[in-house]
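The values are calculated or read from the model by the stated rules, or taken from the named source; none is laboratory data. Not measured: the values here are computed from a predicted model. Neighbour counts are summed over all protein chains in view; Cβ atoms, including those assigned to glycine, are modelled from backbone coordinates with ideal geometry. When the accessible area is computed, the model is the full protein with side chains, heavy atoms only, and any ligands, DNA or RNA have been set aside. Shrake-Rupley method; radii C 1.70, N 1.55, O 1.52, S 1.80 Å.
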Amino acid sequence: MPPIRVASILKNACPDECFTVKGWVRTRRDSRRGFSFIELNDGSCLKNLQIIVDADVPGYADVIRRVTTGASLEVEGVIRESPGRGQRIELQATALSVIGDADPAEYPLQKKGHRFEFLREIAHLRPRTNSIGAVSRVRNAISASIHRFFQSRGFLYIHTPIITASDCEGAGEQFQVTTLDLPRLAQQTTQIDWSRDFFGRPAWLTVSGQLEAEVYATSVGDCYTFGPTFRAENSNTARHLAEFWMVEPEMPFYELQDNIDLAESFIRTIVSDALEQCPDDLDFFQQRIDSSLLDTLEQIRSSDFVRLTYTEAVDLLQNSGQEFEYPVSWGRDLQSEHERFLTETHFRQPVVLYDYPRSIKPFYMRCNDDGRTVRAMDVLVPRIGEIIGGSQREERLDVLVSRIEECGMNPEDYWWYIDLRRFGTVPHSGFGLGLERMVQLVTGMANIREVIPFPRTPGHAEF
Ligand code: 4AD
Ligand code: MG
């Protein structure tokens, strides 16, 4: 029978109730008075279940030596009120057996307080630590909250393809997907014949499900896609992954400000849900990772986001008196240092920037009448910078086609996307939230590699 989980016992169990629990040993201490304390964790919550094993438990002497950090156990026992500090109840063992040993000479998680860099090298064991376990639970709560947010508003969850023939962001940062025999081709001097590849043409892993989401938004209405996306950008930063999860809502009849309103209440709802559903894990992050975490989250939950145009932000940054590594000038993309200055130092709250220069944004964004800007919006938050990127989409056929050409792309490759503007076109908008950046915001984890189970970054694809 599956065991009762520790979270449920710690929350609900009363003295004299009997349970069987299973999990992994965090620590064992032997008292000189002939009994042992075991801290058992089964991943269901941050806290361990304290287990008392008296020497008269059958087989005590033989079994207890095998109860070492990392070993898996089955314990039957009776709940007692705990006289010790730090826990309401404990389990007085009546039977104890080791399911799987963990040799203390070899188990790498003996000591507490390993560096995160080291834990990445043992990604198969790191979810057994307090911090990565807590991240996993928060990531789960955020994912559920994302679905709830859209489901409760009548959005349809659609599944967009992972393999694609188009480059949504137009940045050329895609991983190619091929079944051609590359080593053999490398020895041939002839040009590659893509018609002989699996799809009869070049194909890539998607950088975004947006274009396909637009197809559904302009037929079934409000919808969202939520899945893995891939970017072959060679940036070794604490905020970039080569494989990350993105949630992308797309809404017909939304203009830019409607889009911003939705993005703002989306982030607020996720933060508010996490504060309510993961109090123990967030307290842990507040104590161990970032002492300003709960203040930051409360602030996001309770105050309106600041909104200003890109042009206003550039003026503000240029007149700020602040020294930046990268100079600020109109027409250049803002760097993370600029974004963080706005949201951490100047406004000290989330900031939405909109109406960016068209020269630095993808082809699909709606052009403004000024001829220089597009209806783009980025949501910036403290410690992360950009967490959401979105826009109102270009719904005018002629403008879209000339924008595709202006961006050096071939309209024929986007014929189906262009068709949406030929047949019943409507204004529409959407955005993308990077799930990992959201988990970073909620947990305070400094490096994005700690908030995804198996990070993919340049040079790293083990596990
Ligand atoms: O701003 P981006 O590139 O926007 C899009 O992909 C649009 N197609 C979204 C849309 O309108 N439907 O990416 C959206 C978000 C970023 O704000 C960031 O949070 C995250 O995706 N992101 C990354 N997260 C981790 N690693 C990377 N390399 C990321 N690139 C983008
Ligand atoms: Mg962006």
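Checking each residue in region 240-254 for being near ligand 1 (Cβ under 8 Å from one of its atoms) and more than 16 Å from Ile162 (Cα to Cα) picks out His240, Leu241, Pro249, Glu250.
Screening Val215 with (1) within 16 Å of ligand 2 (Cβ to nearest atom); (2) touching a helix residue (DSSP H, G or I) at 6+ places or on another chain (Cβ under 7 Å) gives one miss only, at (1).
The condition of being of a type in the set (Gly, Ala, Ser) and part of a loop (DSSP other than H, G, I, E, B) holds for only one of Ala123, Ala61, Ala141, that being Ala123. Among the residues of region 324-350, the ones that are within 21 Å of Leu297 (Cβ to Cβ) and either in a loop (DSSP other than H, G, I, E, B) or in contact with a Pro (Cβ under 9 Å, 6 or more places away or on another chain) (or both) come to 7 in all.
Candidates are the residues of region 84-119 that are among the aromatic types (Phe, Trp, Tyr) and surrounded by 14 or more Cβ atoms within 10 Å (Cβ to Cβ); the one that is farthest from Glu39 (Cα to Cα) is Phe116. Looking at this structure, is Glu412 in contact with an Asp or Glu (Cβ under 7 Å, 6 or more places away or on another chain), open to solvent by 10 Å² or more (accessible area, probe 1.4 Å) and more than 24 Å from Gly133 (Cβ to Cβ)? Criteria not met by Glu412. The set of residues from region 219-258 being farther than 26 Å from Gly172 by Cβ and within 16 Å of ligand 2 (Cβ to nearest atom) comprises just one member, Leu256.
Only one of the numbered conditions (1) closer than 21 Å to Ser208 by Cα; (2) surrounded by fewer than 17 Cβ atoms within 10 Å (Cβ to Cβ) is violated by Phe244, and that is (2). If you scan region 172-198, which residues turn out to be in a loop (DSSP other than H, G, I, E, B), open to solvent by less than 60 Å² (accessible area, probe 1.4 Å) and among the hydrophobic types (A, V, I, L, M, F, W, C)? Correct list: Leu180 only.
When residues in region 64-88 are screened for being more than 17 Å from Pro15 (Cα to Cα) and either β-branched (Val, Ile, Thr) or not in a strand (DSSP E or B) (or both), 8 of them pass. Here the condition is being within 16 Å of ligand 1 (Cβ to nearest atom), farther than 25 Å from Glu214 by Cα and open to solvent by less than 50 Å² (accessible area, probe 1.4 Å); of Leu317, Leu334, Leu308, Leu353, it holds for Leu334 alone. Annotation: of all residues in region 286-305 being open to solvent by 80 Å² or more (accessible area, probe 1.4 Å) and touching a residue at least 40 places away in the same chain (Cβ under 8 Å), the one that is nearest to Thr343 (Cα to Cα) is Asp304. Between a residue in region 442-462 that is over 12 Å from Arg120 (Cβ atoms) and any residue that is assigned to a loop (DSSP other than H, G, I, E, B) and open to solvent by 50 Å² or more (accessible area, probe 1.4 Å), which pairs come within a Cβ distance under 7 Å, given they are 6 or more apart or on different chains? Hits for this filter: Thr443/Ile289; Gly444/Ile289; Met445/Ile289; Pro458/Asn234; Pro458/Asn236.
Conditions (1) modelled with pLDDT under 95; (2) at negative phi; (3) crowded, with 18+ Cβ neighbours inside 10 Å; (4) more than 16 Å from ligand 2 (Cβ to nearest atom), marked per residue:
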| site | (1), (2), (3), (4) |
| --- | --- |
| Asp370 | no, yes, no, yes |
| Met377 | no, yes, yes, no |
| Ile387 | no, yes, yes, no |
| Val399 | no, yes, no, yes |
| Gly408 | yes, no, no, yes |
| Tyr417 | no, yes, yes, yes |
| Leu420 | no, yes, yes, yes |
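Could you grab me the full set of residues in region 377-390 that are within 11 Å of ligand 1 (Cβ to nearest atom), touching a residue at least 60 places away in the same chain (Cβ under 8 Å) and either touching a Lys or Arg at 6+ places or on another chain (Cβ under 7 Å) or not β-branched (Val, Ile, Thr) (or both)? It would help to see each step written out before you state the result.
The initial filter retains those residues of region 377-390 that are within 11 Å of ligand 1 (Cβ to nearest atom), namely 377-381, 384-390.
Narrowing further to those that are touching a residue at least 60 places away in the same chain (Cβ under 8 Å): 377, 379, 381, 384-385, 387-388, 390.
Within region 377-390, Met377, Ile384, Gly385, Ile387, Gly390 qualify.
Looking only at residues in region 368-395 that are within 24 Å of the chain's Cα centre (by Cα) and aliphatic (A, V, I, L, M), the one that is farthest from Leu308 (Cα to Cα) is Ile384.
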